[in-house]
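*Asks:* I have a structure here, written as structure tokens, and I will follow up with some questions on it.
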Amino acid sequence: MLRNCIFISFFIAIISIGVSAQDFDTYFTNQTLRLDYIFAGSATQQAVYLDGMMKQEHWAGRRSQLSELPYWGNGQIEVRDAATGLLIYCNSFSSLFQEWVNTPEAAVVARSYQNTFLVPMPKHEVDVSITLCNTYHKPVATLTHRVDPTNILIRNQTNAPQVIKLHKGGSYSECINIAIVSEGYSDESKATFVRDAKLAAKTILAHEPFKSYAKKFNIVAVFQPSVDNGVSVPRYNDWKQTAFGSHYSTFYSDRYLTSKNMFAIHDALAGVDYEHVIVLVNTEEYGGGGIYNNITLTSAHNSTFKPVLVHEFGHAFGGLADEYHYDNETDTLTYPSSVEPWEPNITTKVDFAQKWENKMGTDGYDLIEGAGYASKNVFRSSPDCRMKTNECPTFCKVCTEAIIKLIKFYTEQQ
């Protein structure tokens with residue numbers, strides 16, 4: 001029962017020994033290596049395949065704590081120096097594919113999903129590993145491949161999209177860089193997108209703790225035209241021709257808005273200094289989606305746009321779990337009661353000590369049953385939070401501390 005948590009703690013400790021203050025310039029250039037993968041399989045078997053590699057100017061990610069993970073995530077990417085085996089960069093992530101393998105459909109059919117990762121461009125040969133883990137934190141699929149930075153088939157991406165600066169906190173090398181890209185806006189709707197993107201940036205930075213750390217963020221917008229205005233809503237048999245093929249009814253959930261076309265999204269951002277992506281969707285339909293270190297999507301014209309945007313960004317940037325639950329659910333595959341969730345804002349009490357146990361009884365630190373979709377066995381810290389309801393105006397203290405931790409992780413030199 002405790003073995004999985006011990007394994008996670010041991011793994012993170014091992015990769016951190018002796019490399020937490022790694023010199024970026026020793027191993028990397030100021031460029032980005034874009035790695036495109038296909039995650040494929042079914043509920044019983046998953047695999048990772050390399051699709052392509054590209055080079056972009058500038059590295060817009062962190063330059064310190066390169067071999068440390070802030071959270072375990074549902075998967076990890078590692079970059080090791082080929083000559084020595086030393087871990088020189090790593091990051092964690094989640095993916096739509098890993099959500100899908102827990103759906104009923106995955107028991108009867110195999111599917112594939114696109115995934116893109118950005119890592120600093122190595123100076124010398126490296127071994128890159130992608131590992132996918134299941135809900136018990138156990139590896140279920142892995143791929144390791146050699147990357148030679150002189151490989152002539154690493155394509156240069158030199159696009160020059162028109163970048164609209166929305167907020168500048170500082171240099172791209174010192175800040176968290178967010179790109180907002182348009183989906184479902186025709187050429188004639190460009191002005192609408194610019195207005196919506198400005199509101200999106202303003203909305204995020206109006207919420208704590210982002211407001212207090214505004215100087216740690218750069219936010220830009222990139223317009224990518226679609227043939228049609230709007231976005232596909234399958235339950236209405238309403239299909240649109242849009243830049244990224246986004247649609248509602250993901251996994252047959254009416255409000256779940258996602259895109260499987262990750263390569264096209266990152267193609268649209270080639271030439272932009274970014275690490276985190278928000279896809280702003282031209283629709284009044286309620287919904288959105290946020291996947292950790294992957295992507296945020298949100299409806300731009302629904303009345304709940306502001307709270308949903310911040311909520312989904314809490315998933316994608318902050319690695320935060322949903323804190324709501326369904327009354328008829330007592331346990332879920334997503335958060336088995338025998339495993340401590342990697343997300344910082346919920347707990348099964350399997351390893352509560354690593355979370356807010358030591359603050360129990362102080363203001364804002366409670367233990368309330370019902371979170372992560374389950375009414376039993378999964379707990380949250382507060383009666384309400386932006387990760388629980390759209391009506392709550394703020395993040396709870398646990399979520400706020402978790403977001404601050406990440407901001408400092410990405411931007412403070414160690």
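*Asks:* Please go through segment 352-390 and give me each residue that is within 20 Å of Tyr136 (Cα to Cα), over 24 Å from the mean Cα position of the chain (by Cα) and either polar (S, T, N, Q) or part of a loop (DSSP other than H, G, I, E, B) (or both), ordered by number.
*Replies:* Ser375, Asn377 - these are the residues of segment 352-390 that are within 20 Å of Tyr136 (Cα to Cα), over 24 Å from the mean Cα position of the chain (by Cα) and either polar (S, T, N, Q) or part of a loop (DSSP other than H, G, I, E, B) (or both).
*Asks:* For segment 357-379, what are the residues that are closer than 18 Å to Thr135 by Cβ, surrounded by fewer than 16 Cβ atoms within 10 Å (Cβ to Cβ) and at pLDDT 95 or above?
*Replies:* Within segment 357-379, no residue meets the criteria.
*Asks:* Which residue out of Val220, Val227 is farther than 26 Å from Ala402 by Cβ and not aromatic (Phe, Trp, Tyr)?
*Replies:* Values: Val220 fails: farther than 26 Å from Ala402 by Cβ.
Unique residue meeting the criteria: Val227.
*Asks:* Turning to a different aspect of this structure: In this structure, does Thr150 turn out to be open to solvent by 40 Å² or more (accessible area, probe 1.4 Å) and among the β-branched types (Val, Ile, Thr)? Can you show your working first?
*Replies:* Working: open to solvent by 40 Å² or more (accessible area, probe 1.4 Å): yes; among the β-branched types (Val, Ile, Thr): yes.
Here the answer is yes, as Thr150 does meet what is asked.
*Asks:* Going residue by residue through segment 92-102, is there one that turns out to be small (Gly, Ala, Ser), part of a strand (DSSP E or B) and more than 30 Å from Phe210 (Cα to Cα)? Before the answer, list the steps.
*Replies:* Step one: filter segment 92-102 for residues small (Gly, Ala, Ser), giving 92, 94-95.
Now narrow it down to the ones that are part of a strand (DSSP E or B): 92.
Still in the list and also more than 30 Å from Phe210 (Cα to Cα): none.
No: segment 92-102 contains no residue that is small (Gly, Ala, Ser), part of a strand (DSSP E or B) and more than 30 Å from Phe210 (Cα to Cα).
*Asks:* Under 6 Å by Cβ, and 6 or more places apart or on different chains, what pairs join a residue from segment 191-216 that is under 19 Å from Ser299 (Cα atoms) with one that is surrounded by fewer than 17 Cβ atoms within 10 Å (Cβ to Cβ) and polar (S, T, N, Q)?
*Replies:* Nothing qualifies.
*Asks:* Suppose the filter is in contact with an Asp or Glu (Cβ under 8 Å, 6 or more places away or on another chain), open to solvent by 40 Å² or more (accessible area, probe 1.4 Å) and among the basic types (Lys, Arg); does Lys260 pass it?
*Replies:* Answer is no for this residue.
*Asks:* Can you name every residue in segment 131-185 that is out of contact with any strand residue (DSSP E or B) (no Cβ under 6 Å at 6 or more places or on another chain) and aliphatic (A, V, I, L, M)?
*Replies:* Listed by number, the residues that qualify are Ile152, Leu153, Ala160.
*Asks:* Residues of segment 31-75 being basic (Lys, Arg), open to solvent by 10 Å² or more (accessible area, probe 1.4 Å) and in a loop (DSSP other than H, G, I, E, B), which ones?
*Replies:* Narrowing segment 31-75 to residues basic (Lys, Arg): 34, 55, 62-63.
Now restrict to residues that are open to solvent by 10 Å² or more (accessible area, probe 1.4 Å): 55, 63.
Within segment 31-75, just Arg63 meets the criteria.
*Asks:* Filter segment 278-290 down to residues that are within 14 Å of the chain's Cα centre (by Cα) and open to solvent by 10 Å² or more (accessible area, probe 1.4 Å), then give me how many there are.
*Replies:* First, the residues of segment 278-290 that are within 14 Å of the chain's Cα centre (by Cα): 278-279, 288-290.
Add one more test, that the residue is open to solvent by 10 Å² or more (accessible area, probe 1.4 Å), and what stays is 290.
Of the residues in segment 278-290, 1 are within 14 Å of the chain's Cα centre (by Cα) and open to solvent by 10 Å² or more (accessible area, probe 1.4 Å).
*Asks:* Ok, one more. Pick from segment 380-414 the residues that are closer than 16 Å to Tyr71 by Cα and of a type in the set (A, V, I, L, M): which of them is surrounded by the fewest Cβ atoms within 10 Å (Cβ to Cβ)?
*Replies:* Ranking the qualifying residues of segment 380-414, first place goes to Ile404.
*Asks:* Moving to a separate point now. Could you tell me how many of the residues in segment 240-276 are closer than 30 Å to Thr411 by Cα, in contact with a helix residue (DSSP H, G or I) (Cβ under 9 Å, 6 or more places away or on another chain) and among the small types (Gly, Ala, Ser)?
*Replies:* Of the residues in segment 240-276, 1 are closer than 30 Å to Thr411 by Cα, in contact with a helix residue (DSSP H, G or I) (Cβ under 9 Å, 6 or more places away or on another chain) and among the small types (Gly, Ala, Ser).
*Asks:* Something else: Read through the list (1) within 26 Å of Thr44 (Cβ to Cβ); (2) over 20 Å from the mean Cα position of the chain (by Cα); (3) open to solvent by less than 30 Å² (accessible area, probe 1.4 Å), then give the number of the only condition that Leu96 fails.
*Replies:* (2)
*Asks:* Which condition from (1) surrounded by 18 or more Cβ atoms within 10 Å (Cβ to Cβ); (2) more than 27 Å from Gly289 (Cβ to Cβ) is the one that Leu166 breaks?
*Replies:* Of (1) surrounded by 18 or more Cβ atoms within 10 Å (Cβ to Cβ); (2) more than 27 Å from Gly289 (Cβ to Cβ), only one is false for Leu166: (2).
*Asks:* Then there's this: Please verify whether segment 219-238 includes one or more residues that are more than 18 Å from the chain's Cα centre (by Cα), within 19 Å of Ile291 (Cβ to Cβ), surrounded by 17 or more Cβ atoms within 10 Å (Cβ to Cβ) and β-branched (Val, Ile, Thr).
*Replies:* Within segment 219-238, one or more residues are more than 18 Å from the chain's Cα centre (by Cα), within 19 Å of Ile291 (Cβ to Cβ), surrounded by 17 or more Cβ atoms within 10 Å (Cβ to Cβ) and β-branched (Val, Ile, Thr).
*Asks:* A further question on this structure: Going by the conditions given, is Glu208 out of contact with any His (no Cβ under 8 Å at 6 or more places or on another chain), open to solvent by 80 Å² or more (accessible area, probe 1.4 Å) and part of a helix (DSSP H, G or I)? Walk me through it before giving the result.
*Replies:* Numbers: out of contact with any His (no Cβ under 8 Å at 6 or more places or on another chain): yes; open to solvent by 80 Å² or more (accessible area, probe 1.4 Å): yes; part of a helix (DSSP H, G or I): no.
No, not satisfied.
*Asks:* Just to verify a result, which residue in segment 301-356, among those that are β-branched (Val, Ile, Thr) and open to solvent by less than 30 Å² (accessible area, probe 1.4 Å), is modelled with the lowest pLDDT?
*Replies:* Within segment 301-356, the first condition is being β-branched (Val, Ile, Thr), and the residues that meet it are 304, 308, 310, 330, 332, 334, 339, 346-348, 350.
Those left that are additionally open to solvent by less than 30 Å² (accessible area, probe 1.4 Å): 308, 310, 332, 339, 346-348, 350.
Working: Val308: 98, Val310: 98, Thr332: 69, Val339: 95, Ile346: 98, Thr347: 98, Thr348: 97, Val350: 97.
Out of the qualifying residues, it is Thr332.
The values are calculated or read from the model by the stated rules, or taken from the named source; none is laboratory data. Values in this document were obtained by computation on a predicted structure and should not be read as measured data. Positions of Cβ are backbone-derived with ideal geometry, glycine not excepted, and every protein chain shown enters the neighbour counts. Protein only, heavy atoms only, side chains kept; ligands, DNA and RNA dropped before computing areas. Shrake-Rupley method; radii C 1.70, N 1.55, O 1.52, S 1.80 Å.
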